[in-house]
1. Answer with yes or no whether residue 81 is surrounded by 13 or more Cβ atoms within 10 Å (Cβ to Cβ) and free of Cβ contacts under 8 Å to residues at least 40 places away in the same chain.
2. Mind checking which residues of segment 27-36 are touching a strand residue (DSSP E or B) at 6+ places or on another chain (Cβ under 9 Å) and either at pLDDT below 95 or part of a strand (DSSP E or B) (or both)?
3. So which of 145, 170, 188 is touching a helix residue (DSSP H, G or I) at 6+ places or on another chain (Cβ under 6 Å) and assigned by TED's automatic domain parsing to the domain that holds residue 77?
4. Quick check on my filter: what residues within segment 37-65 are on the phi < 0 side of the Ramachandran plot and part of a loop (DSSP other than H, G, I, E, B)?
5. Pairs, please: C-beta under 9 Å, at least 6 apart or cross-chain, first residue surrounded by 13 or more Cβ atoms within 10 Å (Cβ to Cβ) and in segment 21-40, second aliphatic (A, V, I, L, M) and not in a strand (DSSP E or B)?
6. May I ask you to say which residue of 71, 9, 34 is closer than 23 Å to residue 207 by Cβ and under 27 Å from the mean Cα position of the chain (by Cα)?
7. Residue 182: exposed (fewer than 12 other Cβ atoms within 10 Å of the Cβ) and touching a Leu at 6+ places or on another chain (Cβ under 7 Å), yes or no?
8. Restricting to segment 43-59, name every residue that is surrounded by fewer than 16 Cβ atoms within 10 Å (Cβ to Cβ) and either of a type in the set (Gly, Ala, Ser) or within 25 Å of the chain's Cα centre (by Cα) (or both).
Amino acid sequence: MSEQNTYHKFAPNVFVAKCPQTHEKGETIVLTTKYGKEHDCIVFNRVYADNEGYYYSIVRADGYNCQERAKAKAERLQGWASNAEKRSKAYYEASQEGKDFLSLGEPIKIGHHSEKRHRALIERNWNRMGKSVAESKKVAEYEQRADYWESKSTEINLSMPESIEYYEFRLEEAKELHAYLKENPAKRPHSMSLQYANKAVKEAEANLKLANRLWA
């Protein structure tokens, strides 16, 4: 057995503690990541054991969870979007160099001493405008990703003790819909509605069973 307590993937979104020794519920233990970082974690339930160790559901002692992770990602992406917006604006403003002269529509005077400066000015502004557009696209991309992670910041999944109450509600909701569609065939949106509703019940039951195993 490893001498360290480490993280072990148990289910989608769920990592448990893999420990060489037994622990009690409520005990604080130190878990080491594959990158060597250490986290103080609180033990909940022993999920199972094998010849490699004992496996416990845990939460971070500092309260960091998937919701906090999502919030941090959203904030970081918003910061990137803000910086990209500043760069886009700066490039746009720089692309206005000599705009009064260029607005006159003066043709490039071939062979004149001003030809080189004229061409260089147009090229500089063209490149700056291209960079402004590129940064503007980054803003849209970062904001879209930030919105996604912001939506995840209130999500509850099996990695959280709150998942018991959450899946109890989801199961009751799924059962009610299944019963309603079963009793009212005319209200089914399509031919597979009842089967899908039954599948949702089974999935909610499985998730609630797993939530109880992890956190009850």
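The values are calculated or read from the model by the stated rules, or taken from the named source; none is laboratory data. Note that the structure is a prediction, hence the values are computed from the model and not measured. Cβ coordinates were reconstructed from backbone atoms using ideal geometry, including for glycine residues, and neighbour counts include every protein chain displayed.
1. When the stated conditions are applied, residue 81 does not pass them.
2. 28, 29, 30, 31, 32, 33, 34
3. 145
4. Correct list: 37, 51, 52, 61, 62, 64, 65.
5. Note: pairs meeting the criteria are 39/61.
6. On the way: 71 fails: closer than 23 Å to residue 207 by Cβ; 34 fails: closer than 23 Å to residue 207 by Cβ.
Result: 9 is the single residue among 71, 9, 34 that is closer than 23 Å to residue 207 by Cβ and under 27 Å from the mean Cα position of the chain (by Cα).
7. No.
8. If the condition is that a residue be surrounded by fewer than 16 Cβ atoms within 10 Å (Cβ to Cβ) and either of a type in the set (Gly, Ala, Ser) or within 25 Å of the chain's Cα centre (by Cα) (or both), then 49 is the only one that fits.
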